Structures are given as C-alpha cells and as structure tokens.
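K.L.:
There's a structure below that I have some questions on.
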Amino acid sequence: MHLETKLVQAGVGKDEKTGAVNFPVYYSTAYRHPTLGESTGFDYARTANPTRSILEDTIANAESGDGGFACASGMAAIHTVMGLFSQGDHLIVSLDLYGGTYRLFEQVLSRYGLTFSYVDLRDLESLEKAVKPQTKAVFVETPTNPLIQITDIQEVAQLAKRHGLLTIVDNTFMTPYCQRPLELGADIVLHSATKYLGGHNDVLAGLIVAKGQELSEKIGFLHNSIGAVLGPQDSWLLLRGMKTLALRMERHQTNAFAVANKLREHPAVTEVFYPGLPEHPGHDIQQKQSSGFSGMVSFRVRSADQVKPFLKNLRIVSFAESLGGVESLCTYPATQTHADIPIEIREYVGVCDRLLRLSVGIEHPDDLIADLCEALDASLAVGGSVR
Ligand SMILES: *Cc1c(COP(=O)(O)O)cnc(C)c1O
C-alpha cells in the first residue's frame, strides 16, 4: 500500500465487534483479564491503550520502522529516547537545533552526566572529529530549525554505524510523507507530532519509531517506565490529523514555493531559505533523500527594525510560536523558539535578529503573498529604510 492509503485507512476495520469505521477512543485505564495468566493485550493504560496502539502502529508503518510509541509531547518523546543513555555518555548533535531540545540537553540532561557536542552535520569531517570513546549517538535535525540546513542522513548514518553509534533523526519538519530516515540508515525517528502530523494546531503530541526488535523493546520499556505517554483523546485527534497528511503536505509545499519565490524578489528581504529553491545549498541532497520540501521557509529582512512593523502588519499570517498546521504562522526565533540559546551561539549559527520563520499554511497562495508583501512594504516604510 502507498503511504496515502495507509494513513487514510488507519484504524479502519480494527474495531471488529462494532465495525466502527472511525476507531473509537478508549478511555478505560484498566482491562479485565480473562483468567489468571491471560491478557487481552491490554492491562493498564500507561503500558498500552487501544486508541494509542492504532496510532503507534500507523506511525511505525509510515516510517518503515518496527516499534511506534506515542508520547505527551515532542519533548517527552526526545526525553524518553534519551533514557537509552547513561551517565558519562556523549552525543553529537546538530548545531542549528530546536531551542527546546537544546534546553533539555544543556539544562536538564547535562545534570545527569550526559554531554553533548554541537556540530554542523553538513560537514562529515567535523562529525568524525567530534567522535570520542564515550560517544553513543548522533542526533540529527534535518532540515534544521530555523535555518533550514540540510544534512545527508545516509552519509551521517553510515559514519555513525562505522563508529558503533546510533543515528537519531528528528523528522518533524518533513514527516514520513516527504522523508523516511529509517530507510536511509537511521535507527530512531522522532516527531513533534504537534506540528505537521497533527496538522491543525490543536494537539500536543510526540512520536518515536525504532528500527529492529531489540531497539523497539528497549524504547518500549522506557516509554512504559517513564510514563510520558499520549492520552486516548489526543491519540484520536492525532490519528484524525494524520489521515489527511498527504493532501496537506502537497498544498503546504506548493504554497511554500509560491511564497519563497515571491519573498526572493521583495526589496525588504535579503535572503530566503527554502530547500526547494535551486540555489539553496542543500537542494541536491534534499532532492536525493526526500520526496518533497515541506512548507517551512525562513528569511532575513534588511534590518532588525523592520521586524516589529512587519509582524504588526500581518493580517492572515499569525505571529505565533509553532508550525505545521493548516493556518500560516510566523515566528521570530531570536525571542521565541531560540530564546534559551545563548546569544553568542545563536549569532554564530546565524539565528540573528533579522531572521523570521514562516510555516506556510494551506490558505490560498495569493492571499498569503498579498498579506506578506503588504507587511513587508509597511516594514520598509516604518522601520528599515534600505541601508
Ligand atoms: C516543536 C518541536 C519539538 C518539540 O515538540 P513539542 O511537541 O513542542 O514538545 C522538537 N523538535 C522540533 C523540530 C520541533 O519543531
């Protein structure tokens, strides 16, 4: 079956007693045992819940993995996976990284004796140099957030394998519709399903998919032991969102192309970062490893003074801190998603005060372009005369 079909058919025919087309929400936390030593497969809701199980099977199948696990948030998913590591272990991590992941690593897990090196994973030599005897894994975000840099997953996974390291990929920006890291050699895929998978800015969730029986069992143990699992209602909402993933991703991408091309011509804008553009430095790798470019577009305006009037003059695009939903959002990473990253690191990686990030929604592209252009024009008039 094609991915579109797998997603739409998720849960269909699985509630055999009633024949419900839409798989129901099971709220029961406890399940009766037929007799001593027997189980229906469900005992207690932290360990397994029928609605959550449908979701977990669906994402595992969509990502070409073996074990799927639904968590209370993307951060809960990342934290659960980090349970694989012990005091003294070292991980190599993408330099341009989701701010919350950086915060978890540096302000929480570092206190547990884990250490992290942040490396530009587009540069395999730097990656190889960063490997130490205590290194256990490479944690990859591609495209990176918010600079949309592309890492070659296959090359990183091969290098990691040579050194006996796990490859973990945060696939939030691409979704399995566009990119399947396990097929490229990664061991674990993570999602903030709050974003494209949920797709409607209405459910907070995280997903993990592991390759192979052994790793799946280890993560299953951590998932149940830590207990940051997704509730039944949210599992159902997420499944509903995922059924339309293919349609939404197609439209996100078409709109993102239209917006990126328009921004590129606007005098208020100096740079546009979208991997679908042929001049994007990661364009060829993205084309090789993915079947799409998704809907995230970042750009720099001429002067930081333009940011405030630009955001104030947006009428359709919301100035809000998330991505991947049907509604277009614009984020200012310097003070929002990346506020917890020290300014020296932020500026060094390029998350400067002129950078804005768009999550291009599925509205009509002409309306989005008109909204963005009007706000950019206003930003030039008020703040940022062309210096
Ligand atoms: C949002 C996000 C996360 C964190 O997910 P939550 O669902 O907000 O906990 C992790 N990685 C990336 C790339 C994200 O965009």
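K.L.:
Among the trypsin sites (Lys or Arg not before Pro) in the stretch 28-109, which ones are in a DSSP loop with at most 10 other Cβ atoms within 10 Å of the Cβ? Mind listing them?
P.N.:
ARG32
K.L.:
Please go through the stretch 269-364 and write out the trypsin sites (Lys or Arg not before Pro) that DSSP classes as loop and that have at most 11 other C-beta atoms within 10 Å.
P.N.:
The qualifying sites are ARG315.
K.L.:
While we're looking at this one, here's another question. Taking Cα atoms, how many degrees apart are the long axis of helix 153-162 and the longest axis of the chain, rounded to 10 and kept between 0 and 90?
P.N.:
Once rounded, the angle reads 60 degrees.
K.L.:
With everything on Cα atoms, drop me the angle between helix 232-243 and the longest principal axis of the chain, reported from 0 to 90° to the nearest 10.
P.N.:
60 degrees
K.L.:
A further question follows. Using only Cα atoms and rounding to the nearest 10 degrees, what angle (0 to 90) does helix 50-62 make with the longest principal axis of the chain?
P.N.:
Computed tilt is about 60 degrees.
K.L.:
Using unit Cβ charges (K, R positive; D, E negative) and no other charged atoms, how large, in debye to the nearest 20, is the dipole of the chain about its Cα centre?
P.N.:
360 debye
K.L.:
Counting other C-beta atoms within 10 Å, which of SER294, SER322 has the fewest, and how do the rest follow?
P.N.:
In increasing order of surrounding Cβ atoms, one gets SER322, SER294.
K.L.:
Another question, if that's okay. Could you please rank LEU277, LEU358, placing first whichever residue has the fewest other Cβ atoms within 10 Å of its Cβ?
P.N.:
So the ranking, lowest neighbour count to highest, is LEU277, LEU358.
K.L.:
Something else: In square nanometres, what is one fourth of the surface area of the convex hull spanned by the alpha carbons of the chain?
P.N.:
Its average projected convex-hull area is 19.9 nm².
K.L.:
Tell me, what HN-Hα J-couplings in whole Hz come from the Karplus equation 6.51 cos²θ - 1.76 cosθ + 1.60 at θ = phi - 60° for each residue of the stretch 334-345, using x for Gly and Pro?
P.N.:
These are the phi-based 3J(HN,Hα) values: 4, 10, 10, 4, 10, 4, 8, 8, x, 4, 4, 5 Hz.
K.L.:
Filter the GluC sites (Glu not before Pro) in the stretch 261-343 down to the DSSP loop ones having no more than 12 other Cβ atoms within 10 Å, then list what survives.
P.N.:
Loop-located and lightly packed - GLU279.
K.L.:
Applying 1/(1 + (r/R0)^6) with R0 = 56 Å to the Cβ-Cβ distance of GLU271 and THR18, what FRET efficiency is obtained, to the nearest 0.05?
P.N.:
Plugging the Cβ-Cβ distance into 1/(1 + (r/R0)^6) gives 0.55.
K.L.:
Moving on. For a quick check: sort VAL169, VAL297, VAL8 by the number of other beta carbons within 10 angstrom, fewest at the front.
P.N.:
Fewest to most other Cβ atoms nearby, the residues stand as VAL8, VAL297, VAL169.
K.L.:
Over the chain, with a Gaussian network built from C-alpha contacts below 10 Å, which listed residue (GLU128, GLU344, GLU374) shows the highest mean-square fluctuation?
P.N.:
Comparing GLU128, GLU344, GLU374 in a Gaussian network model of the chain, the most mobile one is GLU344.
No value in this document is a laboratory result; all are computed from the given coordinates. If you're wondering where the values come from, they're calculated on a predicted model, not measured in any experiment. Counting neighbours? That spans all protein chains shown, and the Cβs are built from the backbone with ideal geometry, glycine included.
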